[in-house]
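K.L.:
Okay, here's the structure, questions in a sec.
Readers should treat all values here as calculations from the given coordinates under stated rules, not as data from a laboratory. These figures come from a predicted structure and were not determined experimentally. FYI the Cβ positions are ideal-geometry reconstructions off the backbone, even for glycines, and counts take in every protein chain you see.
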Amino acid sequence: MSPRVTLAVAARVLTQVRRDHRTLAMLLVVPCLLISLLWWMFEELPGDPFDRFGPGLLAMFPFIVMFLVTSVTTLRERSSGTLERLLTMPLGRLDFLLGYALAFGLVATVQSALAVALGVGVLGLDVEGSVWLLGVVAVADAVLGTALGLLVSAFATTEFQAVQFMPALVLPQVLLCGLFVPRESMPGLLEAVSDVLPLSYAVDAMQELGAGADAVEVWRSVAVVACFTLAALGLGAATLRRRTP
């Protein structure tokens, strides 16, 4: 692994994203639009449900968008033969994945800053914890989506197959993360499954911030998310193929 090579890969990916206006809109605009739509849906309901669901949604939407865009983009590199050409140079699999993770991590930072600014500053999301820490958690959640997208791209053979991982890998996490039903209120088996799903801890961190929990608890959940992220990147580096058969 070479930091210089990793940074070169990251710069290349950022250049590609900057030139692809549709992908850039998908990454930066879509999460904000989805959060605005949910705020609009909840506006007339009693009990301020947006304050209840908003923090979890700030974790979920960037996670889903980054997963989808990263998995399809990385698979396109392999299926087009670009990855095979890159790996003939002094470039290792880990350099490639870390470069992608760094590039999309920077995009995730901008994405999360926009979503948090919109939710808290414009839509009036009530957060009892620190707003800057809310942004940190949102970035960690988006980077988690990036890492899982990179992992999925190592197993899919077509872009359509990459999208098919959504219902297999992402939707169960959305249902079991505790956003809709508290995890401790689920049947025992489902609660046990939710305990090993990374999105559960991402949503936990957001909900803890929304409820004004101690920062130590939030950082504990963020640390679990970071461990899942590193594990996904390591497994992705071990299984990444040079090109699609």
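K.L.:
For the chain, what are the DSSP H helices with axial Cα length of 15 Å or more and mean Kyte-Doolittle hydropathy of at least 0.5?
P.N.:
30-42, 49-79, 93-116, 131-153, 215-239
K.L.:
Sort 106-114, 23-31 by the packing proxy (mean of other Cβ within 10 Å over each peptide's residues), most packed first.
P.N.:
Per-residue Cβ counts within 10 Å, averaged per peptide and sorted highest first, yield 106-114, 23-31.
K.L.:
Could you sort 143-150, 177-184 so that the peptide with the highest average Cβ count within 10 Å comes first and the rest follow in order?
P.N.:
Going from most to least packed, we get 143-150, 177-184.
K.L.:
Here's another thing I want to ask about it. Test of understanding: what is the full-extension gain from L106 to E128, defined as 0.36 nm times their sequence separation minus their Cα-Cα distance?
P.N.:
Here the segment from L106 to E128 would lengthen by 5.3 nm.
K.L.:
Determine the gain in length on full extension of the stretch D214-A238; use 0.36 nm per residue of separation and subtract their C-alpha separation, reporting nm with one decimal.
P.N.:
Between D214 and A238, full extension yields 4.9 nm more.
K.L.:
Something else now. Add +1 for every Lys or Arg and -1 for every Asp or Glu among the other residues with Cβ under 12 Å from the Cβ of L190, and state the total.
P.N.:
Residues close to L190 contribute a combined charge of -2.
K.L.:
Grab the Cα-Cα distance for T158 and A192, subtract it from 0.36 nm times how many residues apart they are, and report the gain in nm with one decimal.
P.N.:
Full extension of this stretch gives 9.0 nm more.
K.L.:
Okay, next question. Would you mind estimating how fast the chain diffuses translationally, via Stokes-Einstein at 20 °C and 1.002 mPa s with the Kirkwood radius over Cα pairs, in µm²/s?
P.N.:
117
K.L.:
Across 5 Å bins from 0, what is the distribution of all Cα-Cα pair distances for segment 107-150, in whole percents?
P.N.:
Over segment 107-150, the share of Cα pairs per 5 Å bin runs 5, 24, 29, 22, 12, 6, 2 percent.
K.L.:
Using Cα springs under 10 Å in a Gaussian network model of the chain, which residue among F160, F42, F96 shows the largest mean-square fluctuation?
P.N.:
F160
K.L.:
Give me Rg over Rh for segment 1-67, both radii from the alpha carbons and Rh done the Kirkwood way, two decimal places.
P.N.:
In segment 1-67, Rg relative to Rh is 1.20.
K.L.:
I've got another one for you. Where q = 0.19, 0.28, 0.30 Å⁻¹, what log10 of I(q)/I(0) comes from the Debye formula for segment 29-75, counting one point per Cα?
P.N.:
Evaluating at q = 0.19, 0.28, 0.30 Å⁻¹ gives log10 I(q)/I(0) of -0.62, -0.99, -1.06.
K.L.:
Any chance you could check the Cα centroid distance between segment 212-238 and segment 1-40 for me, in angstrom?
P.N.:
21
K.L.:
Then there is this: For the chain, calculate the relative contact order in percent as a whole number, restricting contacts to Cα pairs under 8 Å that are 6 or more residues apart.
P.N.:
Dividing the mean separation by the residue count of the chain yields 29 percent.
K.L.:
OK, next. For M26, what charge total do you get from the other residues with a beta carbon under 15 Å from its beta carbon, if Lys and Arg give +1 and Asp and Glu give -1?
P.N.:
Around M26, the surrounding residues sum to +2.
K.L.:
Express in whole angstrom the spacing between the alpha-carbon centres of segment 142-186 and segment 101-136.
P.N.:
Taking the Cα centre of each part, segment 142-186 and segment 101-136 sit 21 Å apart.
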